[in-house]
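Accompanying notes for the structure given below.
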Amino acid sequence: MTTYYKPNYKIKDNWRKLPRSQGVYLERELLESPAYWELTGNCIRVLTIFYLKRRFPNKKEVKKFKGYNKHTIVNNGKIVFTYKEAIKKYRFTKGTFKNCLEKLQEVGFIEVHVPGGNNLSTKYKIVDYWQKYPTVKNEVKKSKTLVGKSTRFKKHPKNV
């Protein structure tokens, strides 16, 4: 008699719900670039989600606005991808997601357009600095909040 293994847990069907988009088209130039080959698997997943979050203009918007063509990203500089979303929806750990964001900024795929903080989300911009990657590396701006043994108060700040 054959018994089949039945897991005793239920997988939520709403996790990993991808953004509404028709899909992602990656150009051959991007796939052959050294910047793309520098990325790890998780970084490629995060980049793909960023590409799914971008929005292109419809036919009416292309006719209405003069500077638009069908490849213009309408919401560039307004793309929001929070840590909470990455952890809950896509099951990244906080450290992995942080490392991926830093790596994507370093090689030139994304850029912080509006920094977040105090319950405000960081807004990202998709850029094409990856084309100059081996010669030009983008520096990731570090937080001004210093944490560590050397920066701790020796005494309570009220007593200083």
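Yes/no per residue for (1) surrounded by 10 or more Cβ atoms within 10 Å (Cβ to Cβ); (2) within 24 Å of G95 (Cα to Cα); (3) at pLDDT 85 or above:
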{"position": "K6", "(1), (2), (3)": "no, no, no"}
{"position": "Y9", "(1), (2), (3)": "no, no, no"}
{"position": "P19", "(1), (2), (3)": "yes, yes, no"}
{"position": "E29", "(1), (2), (3)": "yes, no, yes"}
{"position": "W37", "(1), (2), (3)": "yes, yes, yes"}
{"position": "N58", "(1), (2), (3)": "yes, no, no"}
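Screening R91 on (1) surrounded by 14 or more Cβ atoms within 10 Å (Cβ to Cβ); (2) farther than 15 Å from Y129 by Cβ shows it passes everything except condition (1).
One line per residue, one yes/no per condition, for (1) over 19 Å from R45 (Cβ atoms); (2) of a type in the set (A, V, I, L, M); (3) modelled with pLDDT under 90:
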site: N69; (1), (2), (3): yes, no, yes
site: T72; (1), (2), (3): yes, no, yes
site: N75; (1), (2), (3): yes, no, yes
site: V80; (1), (2), (3): no, yes, no
site: A86; (1), (2), (3): no, yes, no
site: C100; (1), (2), (3): no, no, no
site: P115; (1), (2), (3): yes, no, yes
site: I126; (1), (2), (3): no, yes, no
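Applying a threshold of 7 Å to beta carbon distances and a minimum spacing of six or more residues, or different chains, the list of pairs starting in segment 63-74 at a residue that is free of Cβ contacts under 8 Å to residues at least 60 places away in the same chain and ending at one that is outside any loop (DSSP other than H, G, I, E, B) and β-branched (V, I, T) reads Y68/V62; N69/V62; K70/V62; I73/I126. Being under 22 Å from I44 (Cβ atoms), assigned to a loop (DSSP other than H, G, I, E, B) and at pLDDT below 90 is true of N138. The set of residues in segment 46-84 being touching a helix residue (DSSP H, G or I) at 6+ places or on another chain (Cβ under 8 Å) and of a type in the set (K, R) consists of K70 alone. When segment 80-98 is filtered for residues that are part of a helix (DSSP H, G or I) and without any contact (Cβ under 8 Å) to a residue 24 or more places away in the chain, the ones remaining, listed by number, are Y83, K84, E85, I87, K94, G95, K98. Cβ separations smaller than 6 Å between residues 6+ apart or across chains give the following pairs from segment 131-142 residues that are of a type in the set (S, T, Y) to residues that are in a loop (DSSP other than H, G, I, E, B) and at pLDDT 75 or above: Y133/G108.
The values are calculated or read from the model by the stated rules, or taken from the named source; none is laboratory data. Predicted model only: the values in this text are computed from it and were never measured. Neighbour counts are summed over all protein chains in view; Cβ atoms, including those assigned to glycine, are modelled from backbone coordinates with ideal geometry.
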